[in-house]
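In what follows, a single structure is set out as structure tokens and then discussed.
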Amino acid sequence: MSLIGKVLMVVALTSIGLSANQVLVLTPTPVFGDPLKYQMFTATIDVPSVPTGTYTIDISTNYGATLSGPTSVIPRFKEDPNDPLSPELWMGDFLLQQGNKYFGVVFVAHDGYVAGDVYQTPGPFVTNGNRGDRNNQQPVSLDAGGVKVGTGTVLAFPTGCNGTTCGEIHVTETFTIDPQSAFVSWAAPVTIFIQSATCANGGLTTVTEGGGGDTPEPSTIVLSSVAAGLILVARRRRKKALAPVTTLE
């Protein structure tokens, strides 16, 4: 599938730490095609203070399939439903890379993976057993294989938004890492990828700087795109109270 005539919004942030109320504004790469079908608006991950705590991923995005109500099963879709040769697409996995460790959080069941599960993959993204878009420019989801390291649940629902100023659907996944398994260390840099669909038509990516300690305080890494650019907010929350949320208009 060619990427020409589709959305391709992949924004890279070189480095952002988990310090309080740090806000960076970037300009996204050009948009091609219909953003009402593929544009991602925000992707956040809440990091617990202990490795066995609960992670929460929240995503606001447009999507190629319509949701009639809340669901734990995000449907697959075809870019052209009238074309029998049009491949099935689904929401990309939430991918994390740290050194030679590669993880994927699954939103839509595929390749033997179950929605809500977390897997560690056997090799680098895009190559050696992990799916990329047709041109292998962006990682999108895991191929079959790997080792399960965590379990979670998925909930998606329509927001009523018009898809222009905010995403048409909201997706939340909560998960925990198995006590016997190792996940990323948030004290060191972590690269994160998320694509709205497995053809890599729209997405966000960032690289965290790391918290500098073995066990960081609860933190939220936020990625969001707006008409004028991309706003990425990373804020550290104290254990007893949340820090004020920073927003940009």
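Quick note: the coordinates plus some simple rules give every number you see, no bench work behind them. This is a predicted model, so every value here is computed, not measured. Quick reminder, even Gly has a Cβ in these numbers, built from the backbone with ideal geometry, and neighbours come from all protein chains shown.
Annotation: amide H of Asp117 within the under-5 Å range of Val106, Gly152, sequence separation 5 or more or interchain, hydrogens built in the peptide plane.
Ordered by the number of other Cβ atoms lying within 10 Å of each residue's own Cβ, fewest first, Ser49, Ser141, Ser68 fall into the sequence Ser68, Ser49, Ser141. Working note: Karplus 6.51/-1.76/1.60 with θ = phi - 60° gives the range 203-208 the couplings x, 9, 8, 8, 10, 7 Hz, where Gly and Pro are set to x.
Sorting Ile194, Ile45, Ile57 from the fewest to the most surrounding beta carbons within 10 angstrom yields Ile57, Ile45, Ile194.
Taking other C-beta atoms within 10 angstrom as a stand-in for reagent exposure, Leu67, Leu204 fall in the order Leu67, Leu204, fewest first.
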